[in-house]
Amino acid sequence: MSLGHALRRIVEEYPEAHLDPPAGHPLAAVIRRSAPDEMRRALEPIGGGYCVKGSPGRGTHWAAVPWLAVFDPAITTSATRGYYLVYLFPAHRQQVYFCLVQGTVAAIREHGPDAEGFLRRSGDALRARMSDFADRLPLSAIDLGREGPLPEGYAAAHILGLAYDLDALGDERRLRRDLAVGIEAYRALKARGGLVFD
């Protein structure tokens, strides 16, 4: 399996898979184990000691938006806080987003009903800080096709990124090149103060 193949499986199989319970489902195993293993292999030439996790959901419920994330342990090891790189799988189209995002759950807890607005304002400021990556990670907004605090929060928390359709997932070299650019942006944001604003 390659990174592109793992991502494609999630995109293609999730719409039907989420009709069954996730416990013991083969796609849940791809998201939790196989896809993170492929991501770790893709990260080996880049280095950096990153933590990679995938989530199809929790317990007996599939996630509204499954994800595969790369965390710098010095920043966070959780999708709830800090900032990190992530592949997000929208519910309404055969596509995957590769994004640098802010942690959503911590913002919801801290800002309550204004969390989405806070994340959008913060994302705008962070995009301005990262403007030198705008040509390589040009996507400034995402649509995950689901309502609810987490999908809407993930969309609001987006900083910059890319979208891939199914055909693009067959280009493993491009995926690895884009992953390297994402890591470069992640490191640059860390060097530029992360989520701290003066």
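Can you name every residue in the stretch 10-36 that is under 19 Å from the mean Cα position of the chain (by Cα) and either free of Cβ contacts under 8 Å to residues at least 24 places away in the same chain or loosely packed, with under 15 Cβ neighbours inside 10 Å (or both)?
Correct list: 12, 13, 15, 29, 33.
Scanning for something of a type in the set (A, V, I, L, M), in a helix (DSSP H, G or I) and at pLDDT below 95, does the stretch 178-188 turn up at least one residue?
no
Only residues that are touching a Gly at 6+ places or on another chain (Cβ under 8 Å) and at pLDDT 90 or above: list them for the stretch 146-161, please.
Across the stretch 146-161, the qualifying residues are 156, 157, 158, 159, 161.
Take the stretch 46-103 and flag every residue that is touching a Ser or Thr at 6+ places or on another chain (Cβ under 9 Å) and among the polar types (S, T, N, Q).
80, 102
For the stretch 51-89, give me the residue count where each residue is in contact (Cβ under 8 Å) with a residue 40 or more places away in the chain, surrounded by fewer than 22 Cβ atoms within 10 Å (Cβ to Cβ) and not in a strand (DSSP E or B).
Within the stretch 51-89, residues that are in contact (Cβ under 8 Å) with a residue 40 or more places away in the chain, surrounded by fewer than 22 Cβ atoms within 10 Å (Cβ to Cβ) and not in a strand (DSSP E or B) number 4.
Which of the residues spanning the stretch 122-174 are in contact with a helix residue (DSSP H, G or I) (Cβ under 9 Å, 6 or more places away or on another chain), small (Gly, Ala, Ser) and closer than 24 Å to residue 5 by Cα?
145, 161, 168, 170
Are there any pairs, at least 6 apart or on different chains, whose C-beta atoms fall under 9 Å, with the first in the stretch 99-114 and without any contact (Cβ under 8 Å) to a residue 12 or more places away in the chain and the second in a helix (DSSP H, G or I) and crowded, with 21+ Cβ neighbours inside 10 Å, and if so, which?
109/115; 111/119
Output the residues belonging to the stretch 1-26 that are in a helix (DSSP H, G or I) and more than 16 Å from residue 90 (Cβ to Cβ).
Scanning the stretch 1-26 gives 3, 4, 5, 6, 26.
Could we say that residue 174 is exposed (fewer than 14 other Cβ atoms within 10 Å of the Cβ) and either modelled with pLDDT of 95 or more or over 15 Å from residue 72 (Cβ atoms) (or both) here?
Numbers: exposed (fewer than 14 other Cβ atoms within 10 Å of the Cβ): no; either modelled with pLDDT of 95 or more or over 15 Å from residue 72 (Cβ atoms) (or both): yes.
Answer is no for this residue.
What tally of residues in the stretch 66-98 results from selecting those that are within 10 Å of the chain's Cα centre (by Cα), among the β-branched types (Val, Ile, Thr) and modelled with pLDDT under 95?
0
The values are calculated or read from the model by the stated rules, or taken from the named source; none is laboratory data. Keep in mind that this is a model prediction, so the values were computed, not measured. Every residue, glycine among them, receives a Cβ derived from its backbone with ideal geometry; neighbour counts consider all protein chains shown.
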